[in-house]
Amino acid sequence: MGIFRLQSEFDPRGDQPAAIDEVAAGVRRGEACQTLLGVTGSGKTFVAAKVIEQFDRPVLVISHNKTLGAQLYAEFKAFFPENAVEYFVSYYDYYQPEAYIPQKDIYIEKDASINENLDRLRLAATSSLMWRRDVIIVASVSCLYGLGSPADYLEMMVKLERGDEVERRALLEKLASIQYARNDTAFERGTFRVRGDVVDVWPAYEQRGLRVELDFDRVARISEFDPASGELLADHDRAYVYPAKHFVLPEGTVERALAGIDAELTMQVDYLKGRGKLLEAQRLESRTRYDMELLEQVGYCPGIENYSRHLSGREPGSRPYCLFDYFPEDYLTFVDESHATVPQIGAMYRGDAARKRTLVEHGFRLPSALDNRPLKFEEWEEIVGQRVFISATPG
């Protein structure tokens, strides 16, 4: 019995058994690309589920929009109720990217409304990949955009085990370092509260809270509870608390990043002044120094993703970390509605780059902001591994 347990009242019919066998055989042969064609309503998702069932490998399903992704998420959730089926799409209900229109001298500040539930589901997806293999993630093309380093994400995880020696102050500092905020009055997702030697944490990716009871700096009890009623639901011997955000900064990262940002800022200000762009140089220096001060004092700033290259220590021009980097090397990818999804994957980078180049030219961002971007199509092809394209519209 494999790690995926498909539950369905349906049996393969018509062309489905042959399609399942052929796609599965292609995966076993190591074929990089396959295409599954079928008219709408012919059960292509069921065929994909039957293929997934045969392999003990994590799975990524990419869709070109949230609506179709939500439908696929519901279907796979029904097919695999015992496995980790997750949903990874843009967490914005509304998003206005930062932009500048030089013809009218109009600067548009970034404005967004985050959907808390979608944010939780995104964090649940990456946290599941950290500790289990029976994972199916249904994602939109949002998966092409940059995330924090998976190595940092895993390194910053807080591990708790009953009987461990843990000083209360050290535990609270660890939680704060992975972007959990202390709130003793309004307990909510992504916060922790302290009552004597009892520390309650509401993991940012969970719907239940975690209670850690300390006894003379030793973990005496770990339990799960309902944040609304306070009812204890289960006891655990160990627990893991993953970061509340995908961008987390290990100790020493900020100092290294600030040095890199400062050096780049000096070069870019000199460049702008050399071209007679004194206003742009002053604007860039003022904005960047303010962000640097926030990073130094609180470890975070609005638009921190624009400094992701410095924070992750990447080389100029290198691709950002993204959801694909959280998967092990042997994962399978299904590209749904591939006739629409594949062109969209290719278009994501070009639109983002054009907007950011304008911001850089007019002193709103450092050139390294260009490295906070979606993957280029050729980069996606390099890292995506084995993939099955699914479409009702060939050609």
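The values are calculated or read from the model by the stated rules, or taken from the named source; none is laboratory data. Here the structure is a predicted model, which is why all the values come from computation and not from measurement. Cβ placement follows ideal geometry from the backbone for every residue including glycine, while neighbour counts extend to all protein chains displayed. Side chains are part of the model used for accessible areas, which takes the heavy atoms of the whole protein and leaves out ligands, DNA and RNA. Shrake-Rupley method; radii C 1.70, N 1.55, O 1.52, S 1.80 Å.
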Once GLU98, GLU167 are ranked on solvent-accessible area with the largest value leading and a 1.4 Å probe, the list reads GLU167, GLU98
Taking alpha-carbon centroids only, the stretch 331-366 lies from the stretch 18-55 a number of Å equal to 28 Å
With +1 on the Cβ of every Lys and Arg and -1 on the Cβ of every Asp and Glu, the dipole magnitude of the chain about its Cα centre, in debye rounded to the nearest 20, is 880 debye
Check: C-alpha center the stretch 76-127 vs C-alpha center the stretch 233-292, spacing in Å is 21 Å
Expressed as a whole-number percentage, the relative contact order of the stretch 239-309 with C-alpha contacts under 8 angstrom and at least six residues apart is 32 percent
Here the residues of the stretch 31-45 lying in the modelled label zone of ALA392, meaning backbone nitrogen under 16 Å from a point 7 Å along Cα-to-Cβ, are 36-45
Mean accessible area per residue over the chain (1.4 angstrom probe, all protein chains present, square angstrom) is 48 Å²
In the chain, helical segments from DSSP H whose Cα atoms cover 15 Å or more along their own axis and that average at least -1.0 on the Kyte-Doolittle scale are 16-29, 66-79, 116-131, 253-274, 278-298, 338-361
Which of LYS66/LYS159; LYS77/LYS110; LYS245/LYS376; LYS174/LYS356; LYS66/LYS110; LYS104/LYS273 exceed 27 Å between C-alpha atoms? The answer is LYS66/LYS159; LYS77/LYS110; LYS174/LYS356
With a 1.4 angstrom probe the carbon and sulfur portion of accessible area for the stretch 234-276, in percent, totals 51 percent
Within the stretch 21-161, the percent of DSSP beta bridges that are antiparallel, given to the nearest 5, stands at 45 percent
Dipole check, the stretch 1-142, charges on Cβ (K,R +1; D,E -1), about Cα centroid: among SER42, ALA112, PHE55 the Cα furthest to the positive pole belongs to PHE55
Placing each pseudo-label 7 Å from Cα in the direction of the beta carbon, ASP21 and LYS273 end up separated by a distance in nanometres of 7.5 nm
Expressed in square angstrom to the nearest 10, the accessible area of MET267 with a 1.4 Å probe stands at 140 Å²
Out of VAL158, TYR94, VAL138 - ranked by how far each Cα lies towards the positive end of the dipole of the chain, with unit charges on the beta-carbon of charged residues - the top one is TYR94
Options (1) 38, 28, 19; (2) 34, 24, 19; (3) 37, 33, 17 are given for semi-axes √(5λ) of the Cα gyration tensor in Å, and the computed one is (3)
Rounded to the nearest 0.05, FRET efficiency between ASN117 and GLN96 (Cβ-Cβ, R0 22 Å) equals 0.60
Note on the chain: contact order normalised by length, alpha-carbon pairs under 8 Å, 6 or more apart, percent, works out to 20 percent
Probe 1.4 Å, all chains present, heavy atoms only: HIS236 accessible area in Å², nearest 10, is 60 Å²
Here the relative contact order (percent) of the stretch 311-395, from C-alpha pairs under 8 Å and at least 6 apart, is 49 percent
With 0.36 nm assigned to each residue of separation and the Cα-Cα distance removed, GLU31 to TYR290 gains 88.2 nm
With all protein chains present and a 1.4 Å probe, the order of ARG28, ARG283, ARG182, ARG387 from largest accessible area down is ARG28, ARG182, ARG283, ARG387
CD proxy, 222 nm, the chain: helix-only mean residue ellipticity via -39,500 (n - 2.57) per DSSP H run with n ≥ 4, per residue, nearest 500, stands at -12000 deg cm²/dmol
Per residue convex hull volume, Cα only, the stretch 270-350, in Å³ is 168 Å³
